[in-house]
Amino acid sequence: MNKTNLFNFIKERAPIFQVVSEHVTLKQAGQYWKGTCPFHDEKTASFTVSPERGIFYCFGCHEGGDVIAFIGKIENCPPFEAAKFLAERYNIELPQEVLAALPSEQTVDNKKRYFELCKAVADWTHAELEKHPSITNYLSKRGFTQESITNFTIGYFPEGERAIKSLIRELNHKNFLLKELLDFHIVLENKGTLYSPYEQRLIFPIQDNLGRFCGFGGRIVKDTDQRPKYYNSRENHFFQKGTLLFGLDRAKKAIQKKEYVFLTEGYTDCITMAQYGYTNTVATLGTSCTVDHLKLLSYHAQKVYLVYDSDLAGQKAMLRLADLCWQVNLDLYVLVLPDGQDPDSFLKSGGNFELLIEHAQDIFSFFLENSGKEFSQQSLQQKLSVMRKYLDIIKNLDDPLKQDILLQKAASIFSLPFSSLKEELKRTKGTHKPFIPQEQNQNEAIKLISDEISPFEKKFFCGILENHQLLENDEVTRVLNYIPEALQKIIKKLQLSYTTEGGGTFIHFFETLEYHEKQMVNQMLLSEEQKENVQDFEQLILILEKKYWKTIVKDTKIKIAQAQQENNTQEINTIVNSFLELKKKLLRKGLI
């Protein structure tokens with residue numbers, strides 16, 4: 001089986017809507033679905049998916065393709081790896097001839113094996129928890145239910161050589177080697193003795209947004225334990241803390257339904273929030289929230305509630321986010337917890353969380369109030385530093401009205417004239433350097449080609465793609481000779497796909513296209529202009545014939561001259577009659 005047939009086999013069994021929905025929240029817009037593009041930062045959703053055609057296109061960064069191209073881009077892997085990933089993810093059973101077409105892709109095999117290793121370790125620690133009543137009692141006293149323990153696969157790593165041998169023996173049964181445990185630092189070696197940094201810790205397995213186990217967080221359980229409270233997996237090629245959010249795989253559906261998300265600082269806070277019904281909660285992995293974290297959330301929600309500890313460190317963490325939130329299309333709000341409380345303790349002590357949500361502050365107001373508390377007692381230099389930091393954040397906002405509202409708040413809190421702040425903002429705007437995604441877009445040239453094609457030609461082209469039987473119409477065939485060459489080539493491949501190649505589906509046709517041709521098809525089929533399709537195709541043909549009229553006249557003269565040279569009177573009559581009939585039509589419509 002060749003590569004094309006392999007990809008088609010996968011695409012016919014991995015619906016693009018289902019695949020994309022695991023990464024992006026999609027909302028119906030006519031016959032298509034739209035969401036925020038996962039490949040670039042944008043404020044207006046321009047990422048469009050056609051479930052019927054199995055294609056996507058972003059009108060912001062001009063990235064497009066089919067389900068294999070989408071996974072290739074998301075997972076940063078070549079097409080064969082993407083196809084293999086889809087087959088494994090959606091349990092697509094591949095026939096022997098399809099399997100034979102798959103090359104031995106070491107990278108995807110290594111990634112899969114790493115995820116399977118983490119899953120095996122998670123299962124082992126989860127089973128060990130049940131063998132240690134003192135630890136289950138500890139969790140119970142902390143208020144964690146059995147349902148939460150099961151849902152989040154919470155585990156325990158016992159102490160000592162016996163536990164290490166038990167883990168190795170269990171993993172050997174699943175065909176994993178000690179070397180793999182050592183390579184990923186789950187087990188360490190010191191002077192010939194094996195041990196684990198996770199020993200005597202609760203284990204919180206970490207899953208990526210697709211639910212694949214990829215790392216661990218370990219928490220001490222004894223008050224006398226002098227080690228750091230948490231120990232997280234070391235980063236590797238398959239585990240990057242700055243791009244992962246704990247609980248996102250479970251929270252995605254709730255986030256998409258409610259259109260907002262709660263962001264906490266730790267595993268226990270996230271689990272407790274979910275346990276109390278706030279299932280749209282995620283947590284960072286013991287690290288500061290990054291732009292990548294916010295970007296990841298922006299694919300699923302418009303609003304983020306920051307639920308951080310009420311201590312000084314928590315407040316500083318929220319203030320840092322004020323510098324980041326303008327870079328993504330998100331509204332950030334702060335839930336202010338009572339002094340000395342974190343989300344876990346607040347909920348378990350009977351706190352009214354709904355009241356906190358009701359009084360949530362936007363990140364800018366929170367910044368202002370915290371910065372303004374001691375403003376009057378500060379030195380002139382400190383005051384200038386606070387104000388310039390705030391103005392540096394405001395100047396990055398695109399909405400002038402929002403800027404004015406925030407300046408009014410600042411003027412009130414800091415007892416400064418609004419006009420002075422406005423003037424200073426104007427002065428600093430010239431130094432603004434807009435955020436530029438590191439990844440460079442390679443599709444601008446394709447966009448330029450498409451821009452040179454007229455709206456009528458695009459409608460004509462899309463009309464044929466929507467209904468290939470139009471190619472049996474003689475007038476359509478005539479117009480095809482005059483549309484841009486790039487479109488002609490694609491139409492010829494459409495004809496071939498539905499005839500000699502015998503594919504008979506859009507998927508088969510799409511796979512015959514070159515990369516730039518796929519992007520043009522995506523862009524035109526999924527554009528707003530083409531959603532309504534062509535209601536009067538005959539009228540459209542006449543409009544195009546008028547557009548090409550001078551060329552048609554010129555070509556007709558050449559055809560007549562050739563027929564005269566061949567003394568073919570019948571051909572001359574056919575050409576002349578066809579031309580006169582077209583001319584009458586255009587005259588009746590007032591087009592010439």
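Net charge around residue 256, counting only other residues with Cβ within less than 11 Å of its Cβ (Lys, Arg = +1; Asp, Glu = -1)?
My count for the surroundings of residue 256 gives +3.
First select every other residue whose beta carbon is under 12 angstrom from the beta carbon of residue 174; then total the charges, Lys and Arg +1, Asp and Glu -1. Working shown, then result.
Working: positive: 113, 119, 169; negative: 116, 123, 170, 180.
Around residue 174, the surrounding residues sum to -1.
Pop the C-beta distance of residue 162 and residue 191 into the FRET formula with R0 = 25 Å and round what comes out to the nearest 0.05.
FRET efficiency, residue 162 to residue 191: 0.85.
Among 62, 32, 90, whose Cα lies farthest out toward the positive end of the dipole of region 3-103, if unit charges sit on the beta carbon of Lys, Arg (+1) and Asp, Glu (-1)?
32
Debye calculation, C-alpha points only, no solvent: report log10 I(q)/I(0) for region 178-251 at q = 0.13, 0.25, 0.26 Å⁻¹, in the same order as the q values.
After summing over all Cα pairs, the log10 values are -0.44, -1.19, -1.23.
State the antiparallel share, in %, of DSSP beta bridges confined to region 171-325, rounding to the nearest 5.
65 percent
Report the Cα centroid-to-centroid distance between region 350-384 and region 217-286 in angstrom, as an integer.
Centre-to-centre (Cα) distance: 26 Å.
If a paramagnetic tag sat 7 Å from the Cα of residue 574 along the Cα-Cβ line, which residues of region 537-560 would have the backbone N under 19 Å from that point?
553, 555-560
When Lys and Arg each count +1 and Asp and Glu each count -1, what net charge do the other residues less than 12 Å away from residue 11, Cβ to Cβ, add up to?
Net of charged neighbours comes to -1.
Per 0.36 nm of contour for each residue apart, how much would the distance between residue 358 and residue 454 grow if the chain were fully extended, relative to their Cα-Cα spacing?
29.4 nm
Over the chain, what is the percentage of antiparallel beta bridges among all DSSP beta bridges, to the nearest 5?
So the antiparallel bridges amount to about 75 percent of the total.
Work out how much length residue 376 to residue 349 would gain on full extension: take 0.36 nm times their residue separation and subtract the Cα-Cα distance, in nm to one decimal.
In short, 6.0 nm is gained.
If I model a spin label at residue 147 and residue 539 as a point 7 Å from the Cα along the Cα→Cβ vector, what separation in nanometres do I get?
With each label point 7 Å from Cα toward Cβ, the separation is 5.9 nm.
Given labels modelled 7 Å from the Cα in the Cβ direction, how far is it in nm from residue 28 to residue 584?
Rounded to a tenth, the inter-label distance reads 4.7 nm.
For region 152-213 and region 1-67, compute the distance between their C-alpha centroids and round to whole Å.
Answer, in whole Å: 38.
Under a crude label model (7 Å from the Cα following the beta-carbon direction), how far is residue 472 from residue 132 in nanometres?
7.3 nm
What is the list of residues in region 110-132 whose amide nitrogen lies under 16 Å from a point 7 angstrom out from the Cα of residue 170, following Cα to Cβ?
Counting only backbone N, you get 116-132.
Among 263, 299, 340, whose Cα projects farthest towards the positive end of the dipole of region 242-354, with charges put on the beta-carbon of Lys, Arg (+1) and Asp, Glu (-1)?
299
At a threshold of 8 angstrom on Cα-Cα distance, excluding pairs fewer than six apart, so keeping six or more, what relative contact order does the chain reach in percent? Please report the intermediate quantities before stating the final value.
Working: 768 pairs, mean separation 65.8, N = 592.
Once divided by the residue count of the chain, the mean separation gives 11 percent.
I'd like to know how the chain sits against the 2.2 N^0.38 Å rule of thumb: what's its Cα Rg over that expected value?
Compared with the compact-globule rule of thumb, the chain sits at 1.25.
Cross-link partners among lysines for residue 422, C-alpha distance below 27 Å, same-chain residues fewer than 8 apart left out?
43, 316, 373, 383, 389, 395, 402, 409, 433
Read the figures in this text as sums done on the coordinates, not as results from a lab. All of these numbers come straight from a predicted model, not from anything done at the bench. Positions of Cβ are generated from backbone atoms using ideal geometry, with glycine treated the same way; all protein chains shown enter the neighbour counts.
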